[in-house]
Amino acid sequence: IAMFIAVTAIAVLLSLLINVLMRPLTTMGRAMQDIAQGEGDLTRRLVVESKDEFGELGGSFNQFVERIHASICEVSSATRQVHD
């Protein structure tokens, strides 16, 4: 019985750990997928809550989206000027 309780406790702890580690990746994945499918809001940014690898990845993603958004705004502005 003690062995069963120990194995169950380890399984529960591993499950919790996996959920904690996967949450930031899932959030980033959804945001990236939203933008990649063409329905993305380029003003959307990820909330960076940590300074670990996930935080660095989120910050880099935010910079990338900001540059794309700025480029699209420039092209849109230039297009309006040409038509006016």
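Table for the structure above
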| read-out | value |
| --- | --- |
| Largest-first principal axis extents of the Cα set of the chain (Å) | 80, 25, 12 |
| Signed unit charges on C-beta, dipole axis of the stretch 6-84, positive-most listed residue THR8, HIS83, ALA70 | THR8 |
| Pairwise FRET efficiency - THR8 versus GLU66, Cβ, R0 = 35 Å, nearest 0.05 | 0.15 |
| Those GluC sites (Glu not before Pro) in the stretch 4-73 that DSSP places in a loop and that have at most 14 other beta carbons within 10 Å | GLU39, GLU49 |
| Lys, Arg +1 and Asp, Glu -1 on Cβ, resulting dipole of the chain about Cα centre, debye, nearest 20 | 180 debye |
| Folded to 0 to 90 degrees: helix 53-83 orientation relative to the chain principal axis, Cα | 20 degrees |
| Inter-part distance where the stretch 44-67 and the stretch 1-28 are each reduced to a Cα centre, Å | 26 Å |
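Every number here is computed from the coordinates shown, using simple stated rules; none is lab data. What you are looking at is a predicted structure, and each value in this text was computed from that prediction instead of being measured. With ideal geometry, Cβ positions are generated from the backbone for all residues, glycine too; neighbour counts draw on all protein chains shown.
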